Every structure is written in structure tokens, then in C-alpha cells.
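This report concerns only the one structure given below.
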2 protein chains.
Amino acid sequence: MNKILAGLRIVEGAAFVAAPLCGMSLAQQGADVIRFDPIEGGLDARRWPVTREGRSLYWAGLNKGKRSIAVNTRSPEGQELICGLITAPGEGNGIYLTNFPTSGWLGYDTLCKRRDDLIMMNVTGNPDGSSAVDYTLNCAVGLPFVTGPEHGGQAVNPVNHVLPAWDAIAGVTAAMGILAAERHRRLTGQGQYIKLPLADVAFAMMGNLGYVAEVQLNGEERRSCGNYLYGAYGCEFETRDTRYVYVVAITKRQWQELCETTGLGEKLETIEQLLGVDLAKEGDRFKAREAISAVLRPWFRARSLAEVRRTFDGTGVCWGPYQTFRQMVEQDARCSVQNPLFSHIDQPGIGSFLVPGSPLQFSAEVRVAPRRAPLLGEHTDQVLSEVLGLSEGQIGKLREQKVVAGPMDFR
Amino acid sequence: MNKILAGLRIVEGAAFVAAPLCGMSLAQQGADVIRFDPIEGGLDARRWPVTREGRSLYWAGLNKGKRSIAVNTRSPEGQELICGLITAPGEGNGIYLTNFPTSGWLGYDTLCKRRDDLIMMNVTGNPDGSSAVDYTLNCAVGLPFVTGPEHGGQAVNPVNHVLPAWDAIAGVTAAMGILAAERHRRLTGQGQYIKLPLADVAFAMMGNLGYVAEVQLNGEERRSCGNYLYGAYGCEFETRDTRYVYVVAITKRQWQELCETTGLGEKLETIEQLLGVDLAKEGDRFKAREAISAVLRPWFRARSLAEVRRTFDGTGVCWGPYQTFRQMVEQDARCSVQNPLFSHIDQPGIGSFLVPGSPLQFSAEVRVAPRRAPLLGEHTDQVLSEVLGLSEGQIGKLREQKVVAGPMDFR
């Protein structure tokens with residue numbers, strides 16, 4: 001958490017990963033992000049992972065630092081409140097982030113009638129507006145056929161990614177887009193509608209990384225190469241104590257250090273003649289990957305992870321151990337309060353756990369502890385009073401009429 | 001491409017994926033991004049994928065829309081030029097993006113002596129400054145042990161991701177951070193040093209997505225569940241013509257549509273009694289995933305991909321086909337010039353291929369065709385003249401002394 005975006009207010013009507021991650025990224029930099037949800041909770045209110053008591057760790061994870069208002073979004077009065085929040089006057093207001101349908105009362109043109117310099121960020125599925133989620137896009141971009149054990153050029157045994165990478169990239173891209181639009185508004189006074197199709201995030205990245213060009217220019221597709229690092233040298237090894245490590249030699253220096261530190265430089269050099277390659281070149285290291293691994297493998301099998309660590313630490317060898325989630329949490333200092341990224345935060349109804357802030361460290365803004373996620377509707381009264389200027393009496397009436405509610409604990 | 005960031009200039013000294021992707025993301029929104037490299041090309045100048053002639057598609061993909069200046073960065077004269085570029089006066093100047101070591105002549109404090117409101121974005125490996133790359137971080141966050149075929153809770157057979165997801169997320173995060181810092185400078189006049197450790201990007205996201213909390217609060221780790229979508233229903237199916245599709249039912253509506261469209265609603269309902277679950281709940285659909293798949297599988301096996309498509313199109317079923325890279329490029333309209341995201345661009349020495357612009361569509365800025373990547377040093381003279389105000393004679397002398405060069409074609 002920091003305060004570099006203090007003064008910005010984003011109203012978020014969203015669910016799932018990409019758009020809530022966008023809002024959270026901005027909240028963790030000090031923007032006031034107000035998420036609105038139906039009184040019974042939104043589509044993702046109970047999303048897994050959950051605690052044993054059924055409380056959503058997903059909600060806790062992706063709504064940190066936001067304020068929450070619970071509103072009956074089907075009632076005209078509730079809709080009026082939301083529109084009022086979105087189009088509230090003031091320089092830092094008037095930013096709406098959503099992945100909901102944007103027709104009717106939440107349409108851009110409708111909202112613009114109340115604030116003509118509105119910035120609206122709409123994260124959609126496909127560019128034509130049809131639905132697409134991370135999982136139905138990831139299968140479309142070719143990667144599952146080259147993930148997992150090598151199986152030549154056959155399009156069989158697809159392996160999905162587990163990290164919703166497209167959602168994650170899209171969430172941060174949306175945050176970048178909002179800041180670009182806010183800069184534009186600050187300079188010109190002009191608001192705008194911004195569309196970010198999740199599909200375009202995925203296809204653009206596949207183009208950026210050369211997969212599209214490879215098919216078109218080389219007339220061939222990238223083939224599966226297992227856990228090898230494409231285009232340079234990278235391989236996983238098992239240690240004597242049945243741990244795994246990954247070792248990388250992308251740069252020439254990383255390669256030289258690996259040769260020196262393992263003492264296998266001379267042996268590895270013989271591969272050059274054997275296969276007619278120049279191992280100083282990253283592409284040639286990729287071509288010779290199996291021979292290189294054959295030479296290195298016994299070295300790792302003869303050593304424990306601790307021995308490997310002692311040998312490599314402080315050298316220029318680029319490597320890391322494979323860890324389970326538990327090993328990551330229990331043994332890796334980078335995923336602990338030893339790293340200022342993390343704090344222990346108490347989440348009501350859930351308990352205390354390690355919570356990350358923003359990975360961005362701004363020297364002009366002191367890093368402050370991450371803030372927890374709100375309960376559903378935790379800030380209903382506060383937001384109605386502070387942003388819309390409603391009186392206690394008016395808020396009481398809205399509560400009586402069940403137009404607003406909260407805080408609540410949805411299970 | 002668009003022009004929403006017109007007026008910003010970023011000087012980029014970087015290599016590999018994350019930092020160059022940051023620069024490109026800003027360039028594709030109209031910022032003037034000047035990448036400097038040594039005269040012989042930087043560490044990633046020849047990076048794979050390459051064309052048959054050995055030209056880097058990687059360079060072409062991650063440097064689109066930038067200008068390139070080739071400088072002997074070891075000579076005092078070359079260093080002076082780079083420092084002059086980074087600290088050039090003017091409101092939109094004074095932004096330096098790097099993943100290089102930042103000691104000595106490229107240190108923040110050194111550069112600040114020439115421009116005290118400098119913004120410097122430094123993408124590093126580990127928070128302590130030690131090296132880490134996407135591949136040595138991905139193995140540390142636990143995901144490879146739950147990717148690929150199910151194998152219970154054993155930490156065996158790690159499967160790496162192929163998409164450098166952490167690099168991609170970090171690149172966009174860095175761009176977001178630069179825009180946040182530029183807003184801060186615009187409001188306060190204050191520049192700053194921003195550090196973004198790739199490791200923190202990865203560990204923060206693992207925290208955001210609940211993996212850390214699961215270990216700490218539930219005392220257990222997420223287990224491998226193959227291609228199933230964790231916490232809701234999602235599964236891959238083979239069709240009659242040996243294609244694969246992925247089908248998702250995260251929301252209740254998606255589930256209802258799947259039941260109705262396949263005509264298997266009644267059969268699927270019997271699973272509720274069979275397993276004691278409520279399939280209207282996403283978590284219960286996850287628990288009953290194997291039974292659901294057993295019912296659905298024959299339906300897909302009896303139909304071709306075209307038949308599946310005809311049945312699902314226009315309904316609320318959330319699904320998509322698995323595609324190879326070639327199928328993505330040759331059969332998917334979203335990855336073609338039918339999608340305004342893409343244009344055919346001619347890249348000198350490489351040829352014409354499909355090039356994506358920014359996935360962000362700003363209504364206030366007309367979308368313009370993506371710009372190609374520069375040749376190494378293609379803009380050396382232009383940048384020296386335009387930004388540093390050097391005369392033709394001065395530039396000629398620098399060329400003679402081999403302080404600068406280009407354009408060149410590195411193979």
C-alpha cells in the first residue's frame with residue numbers, strides 16, 4: 001500500500017478476477033476504490049478458495065483496500081445511488097470500472113448525461129461483446145498443446161495453465177488504461193469510454209511474444225519442449241534429497257558461471273564439437289539442451305538442495321528451487337514478513353494471514369501496511385454520507401426500504 | 001496504437017521481456033519511447049524465436065513503436081549522451097525505465113544531479129537485488145506441482161508454464177507505476193525512484209489469488225486437479241473429429257445454459273442426489289466435476305467441433321475450442337485483420353506479418369495502426385538531433401569516433 005494515487009476515486013461494479021484486480025491495484029496505490037454489490041453479494045461473493053467455514057479467500061484476496069457498499073441494484077432508488085456515486089462531481093471522481101453489461105442505466109451515454117467527462121473502463125470478453133473467460137481463451141492461444149511433457153508436434157493432451165494469467169495481465173492493463181485516461185482528462189478535460197477485451201489481451205501478448213510471426217514467417221509452430229526454456233538453456237533437475245531445482249543460462253555470463261561453479265566447463269565444452277554448436281550462443285544452448293542436461297544431471301543427483309544452494313549462492317548462476325505452496329509460505333523469506341511486501345492482516349471472520357501489498361515501491365511514498373478487504377457493505381453508510389452527502393435520516397430510510405444494507409458476512 | 005500518452009518520453013535501457021514490454025505498452029499508447037543499446041546490440045538482440053535467416057522475432061515483437069539509438073555505452077562520450085537523453089529538460093521528459101544494474105553512471109542519485117525530478121523505474125529480480133527470472137520464480141510459487149495431469153498431493157513431475165506470465169504481469173505493472181509516478185510529478189513536481197522486483201510481482205499475485213491464505217488458514221495446499229477449473233466447473237472434452245474444447249460453468253446462468261443446450265439437464269440433476277450436492281452452487285459443481293464430466297463426455301464425443309459450435313453459438317454457454325498456434329493464426333478471426341487489434345506490418349529484413357497494437361481501445365483517441373520495431377540504431381541521428389539538439393557535424397564526429405552507430409541489422 002502507498003498513497004501515490006491519493007485523490008482518485010474509482011467506483012467498481014465488477015466480479016471475478018480481471019476487473020477486481022484492476023480496482024485493487026489502484027486501491028493499493030492509495031486510490032479510493034468503492035466496490036458496489038447487490039445486497040446478497042455479487043456473482044463472486046462466495047468464490048473458491050474458501051475457508052473451512054465457507055468464507056471466500058478469493059473475496060479477501062482481490063478486494064483489499066477497497067470500500068464496499070451493498071445496494072439493491074434492481075430498485076430505481078438503488079440504481080440512482082450507484083449512478084450518483086459514479087458521476088459524483090470533483091476532479092478525482094467520475095471513474096467507473098466494470099466488467100458488467102453496460103446497457104440501460106449503467107450505459108456510458110446514460111451516465112455521461114450526468115457527468116460528461118466520465119471515464120469508464122469496460123473489461124469485456126471477446127471484442128464482439130460475446131463472453132470469454134481466461135479458461136476459454138487460454139485454450140484458443142495454443143499454449144496448452146506445448147505445455148507439459150514433450151509430445152512432438154501432435155495437438156494432443158492439452159495442459160491448461162493454473163494461474164489465470166490472462167485475467168491477471170488484463171487487470172493490470174486496465175489499471176494502466178485508467179491512469180492514461182485520467183492523465184488525458186487532466187490535460188484536456190475530456191473523459192472517455194475505454195474497452196479492454198480479455199481476448200485482445202491474450203492475442204496481443206501472443207503476437208508480442210512472436211508466436212503469431214513464427215507461424216506466418218517460418219511456416220511452423222513452436223513445438224512442445226517440456227520444461228526446457230525455449231531459445232536458451234533452462235532445465236529442471238532432481239537433487240539427491242528428491243527436491244527439484246530450475247537452472248537457467250540465458251546470458252553468456254549465466255552460462256559461464258554455471259560451467260565454472262559446477263566444475264563441468266571442460267566436459268560441457270566437448271559438446272560443441274559433438275553437436276557442432278557454439279555454446280556461447282543462447283540459441284545453440286537450446287539446440288544442445290539434452291546433451292547439456294545429460295552432463296549436468298549427475299551433478300545435481302549427487303547433491304542435496306542445501307548443497308546446491310551453498311554452491312550457487314553468491315555466484316552468478318541463475319537458479320531456484322521448486323517449491324510447493326506450503327514450502328513457499330513456510331520456507332521462502334520472500335513470502336514472509338521479512339519481505340516488506342507482506343504483512344499479517346486480520347480479516348474478520350477469516351483470521352490472520354500473510355497479505356501482500358503492491359509490488360511497486362515508490363521512493364516518494366512511504367510503504368504502508370496493506371489494508372484488508374471489506375465486509376460486504378461495510379462502508380455503505382460511510383460512502384452514502386461522505387460521497388453523496390446523505391443525512392443519517394436519509395440513510396436510515398434507505399436501510400428501512402432495503403435499498404441499501406451492510407455490513408454483512410456472506411457465507 | 002493510439003496517442004493518448006502523447007507528450008511523454010521514456011528512455012529505456014532494458015533487455016528481455018518485462019522492462020521492454022513496459023516500454024512497448026507505453027509506446028503503443030503514444031509515448032515516445034527511446035530504447036538505447038550497445039552498438040553491437042544488447043543482451044536480447046538475437047533472442048529466439050528467430051526467422052530462418054536468424055533475425056529475432058523477439059526483438060520485433062517487444063520493441064514495436066519505439067525508437068532505437070545505438071551507442072557505445074562503454075565510452076565516456078556515449079555515457080554522456082545517454083545521461084543527457086534520460087535527463088533532458090521538458091515536462092514529459094525525465095523518465096528512465098531499466099532492468100540494468102543501476103550503479104555508477106546510471107545510478108539514480110547520479111542522474112538526479114542532472115534532473116532532480118527524474119522518474120526512474122527499475123525492474124529487478126529479487127527484492128534483495130539478487131537475480132531472478134520468470135523461470136526461477138515460477139518454480140518457487142508452487143504452480144508447477146499442480147499443473148498437468150492429476151497426481152494427488154505429491155510434489156512430483158513439475159510442469160512449467162510456457163507463457164512467461166510473471167514477466168508479462170511485471171511489464172504492465174511497471175507501466176502502471178510509471179503513469180502513477182508521472183501523475184505524482186505533475187501534481188507535486190517531485191520525481192522518484194520506483195523499484196519493482198519481479199519476485200514481488202509473483203508472490204503478491206499468489207497472495208491475491210488465495211494460495212498463501214489456503215496454506216495458512218486451511219492448513220492445506222491446493223492439490224493438482226488437472227485441467228479442471230478450480231472451485232467451479234470447467235473441463236476439456238474431445239470431439240468426434242478429435243478436436244478439444246473447454247467448457248466453463250462458473251455462474252449459475254452458464255450452468256443452466258449448458259444443461260439446457262445439451263439437453264442433459266435432467267440427467268445432470270440426478271447427480272445432486274447421487275453425490276449430495278447442489279449444482280446451482282459453483283463449489284458443488286467443482287466437487288461433482290467428475291460425475292458432471294462423465295455425463296457430458298459422450299455428448300461431445302458424438303459431435304464434431306462444427307456441430308458443437310452450431311449448438312453453442314448464440315447461447316449463454318461459455319466455451320471455446322483448443323487451437324494450435326497455426327489454428328489460432330489461420331482460423332480464428334480474433335487473431336486476424338478482421339479484429340482491429342491487428343494489422344499487417346512490414347518489418348525490414350523479416351517480412352510482413354500480423355502485428356497487434358494495444359488491447360486498450362480509448363474512445364477519445366482514434367486507433368491507429370501499430371508501428372513496427374526499429375532496426376538497431378535506426379533513430380540514432382534523429383534522436384541526437386531532436387532531443388539533444390546536436391548538429392549534423394557533431395553527429396558525424398560521434399559516428400567517426402564510433403560513439404554512436406546505426407541503423408544496423410543484427411543477426
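So that you can scan it fast, the table gives a plain yes or no per residue for (1) assigned to a helix (DSSP H, G or I); (2) facing chain B (nearest Cβ under 7 Å); (3) under 30 Å from B:A175 (Cα atoms); (4) not hydrophobic (A, V, I, L, M, F, W, C):
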| position | (1), (2), (3), (4) |
| --- | --- |
| A:F145 | yes, yes, no, no |
| A:E150 | no, no, no, yes |
| A:V156 | no, no, no, no |
| A:N160 | no, yes, yes, yes |
| A:T173 | yes, yes, yes, yes |
| A:M176 | yes, yes, yes, no |
Just give me the residues in the range B:328-348 being open to solvent by 40 Å² or more (accessible area, probe 1.4 Å) and more than 7 Å from every other protein chain (Cβ to nearest Cβ), in sequence order.
-> B:E330, B:Q331, B:A333, B:V337, B:Q338, B:P340, B:H344, B:D346, B:P348
Would you please name the residue that is nearest to the chain's Cα centre (by Cα), looking only at residues in the range A:304-323 that are without any contact (Cβ under 8 Å) to a residue 12 or more places away in the chain and not in a helix (DSSP H, G or I)?
-> A:Q323
Pick from the range A:202-257 the residues that are of a type in the set (K, R) and under 24 Å from B:P20 (Cα atoms): which of them is least open to solvent (accessible area, probe 1.4 Å)?
-> A:R222
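Per-residue answers, yes or no, for (1) in contact (Cβ under 8 Å) with a residue 12 or more places away in the chain; (2) part of a strand (DSSP E or B):
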position	(1), (2)
A:H184	no, no
A:L196	yes, yes
A:A202	yes, no
A:G207	no, no
A:E220	no, no
A:R223	yes, no
Which listed residue is open to solvent by 10 Å² or more (accessible area, probe 1.4 Å), under 19 Å from A:V212 (Cα atoms) and touching a residue at least 40 places away in the same chain (Cβ under 8 Å), from B:G30, B:G54 = B:G54
For B:F300, indicate whether it is at the interface with chain A (Cβ under 7 Å from one of its Cβ atoms), over 30 Å from A:Q192 (Cβ atoms) and at pLDDT 95 or above.
-> no
Under the condition of being open to solvent by 20 Å² or more (accessible area, probe 1.4 Å) and more than 7 Å from chain B (Cβ to nearest Cβ), which residue from the range A:314-327 is nearest to B:F203 (Cα to Cα)?
-> A:Q327
Looking at the range A:165-201, which of the residues that are farther than 23 Å from B:E91 by Cβ and among the acidic types (D, E) is surrounded by the most Cβ atoms within 10 Å (Cβ to Cβ)?
-> A:D200
Selected residue (only one of A:D109, A:D128, A:D116 is among the charged types (D, E, K, R) and in contact (Cβ under 8 Å) with a residue 40 or more places away in the chain) = A:D116
If a residue has to be in contact with a helix residue (DSSP H, G or I) (Cβ under 9 Å, 6 or more places away or on another chain), more than 20 Å from B:N93 (Cβ to Cβ) and among the hydrophobic types (A, V, I, L, M, F, W, C) to count, how many in the range B:350-394 make the cut?
-> 9
Are any residues in the range A:1-21 closer than 13 Å to A:L97 by Cα and touching a strand residue (DSSP E or B) at 6+ places or on another chain (Cβ under 6 Å), and if so, which ones?
-> A:R9, A:I10, A:V11, A:E12, A:G13, A:A14, A:A18, A:A19
Taking the options B:R334, B:R367, name whichever one is charged (D, E, K, R) and under 30 Å from B:Q256 (Cα atoms).
-> B:R334
Out of (1) under 30 Å from B:P149 (Cα atoms); (2) in contact with an Asp or Glu (Cβ under 9 Å, 6 or more places away or on another chain); (3) part of a loop (DSSP other than H, G, I, E, B), the one A:P127 does not meet is (1)
Only residues that are β-branched (V, I, T) and surrounded by fewer than 24 Cβ atoms within 10 Å (Cβ to Cβ): list them for the range B:57-75, please.
-> B:T73
Within the range A:131-140, tally of residues that are part of a loop (DSSP other than H, G, I, E, B) and closer than 17 Å to B:V159 by Cβ | 1
Filtering the range B:233-249 down to residues that are in contact (Cβ under 8 Å) with a residue 24 or more places away in the chain and at the interface with chain A (Cβ under 7 Å from one of its Cβ atoms) yields B:E236, B:Y244, B:Y246, B:V248
Look at the range B:292-306 and say how many of its residues are hydroxyl-bearing (S, T, Y) and open to solvent by 10 Å² or more (accessible area, probe 1.4 Å).
-> 1
If you take the residues of the range A:172-208 that are polar (S, T, N, Q) and in contact with a helix residue (DSSP H, G or I) (Cβ under 9 Å, 6 or more places away or on another chain), which of them is farthest from B:P370 (Cα to Cα)?
-> A:Q190
Being within 14 Å of chain A (Cβ to nearest Cβ), under 22 Å from A:D128 (Cα atoms) and surrounded by 14 or more Cβ atoms within 10 Å (Cβ to Cβ) narrows B:R309, B:R289 down to just B:R309
Would you be able to tell me the number of residues in the range A:83-132 that are of a type in the set (A, V, I, L, M, F, W, C) and open to solvent by 30 Å² or more (accessible area, probe 1.4 Å)?
-> 2
State which residue is nearest to the other protein chains (Cβ to nearest Cβ) when the search covers only the range B:364-410 and only residues that are in a loop (DSSP other than H, G, I, E, B), free of Cβ contacts under 8 Å to residues at least 12 places away in the same chain and exposed (fewer than 15 other Cβ atoms within 10 Å of the Cβ).
-> B:G389
Determine, yes or no, whether A:H151 is in contact (Cβ under 8 Å) with a residue 12 or more places away in the chain and under 23 Å from the mean Cα position of the chain (by Cα).
-> no
Listed by range, helices (runs of 4 or more DSSP H) wholly within the range B:1-103 having at least 1 residues that are aliphatic (A, V, I, L, M) and within 14 Å of chain A (Cβ to nearest Cβ) are B:18-27, B:57-62
So how many residues does the range B:344-363 have that are outside any loop (DSSP other than H, G, I, E, B) and in contact with a strand residue (DSSP E or B) (Cβ under 6 Å, 6 or more places away or on another chain)?
-> 9
Residues that are of a type in the set (A, V, I, L, M) and assigned to a loop (DSSP other than H, G, I, E, B), drawn from the range A:162-171 = A:V162, A:L163
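The values are calculated or read from the model by the stated rules, or taken from the named source; none is laboratory data. Computed from a predicted model, the values in this text were never measured in an experiment. Reconstructed Cβ throughout: ideal geometry from the backbone, glycine too, with neighbour counts over all protein chains shown. Only protein heavy atoms, including side chains, enter the accessible area calculation; ligands, DNA and RNA are left aside. Shrake-Rupley method; radii C 1.70, N 1.55, O 1.52, S 1.80 Å.
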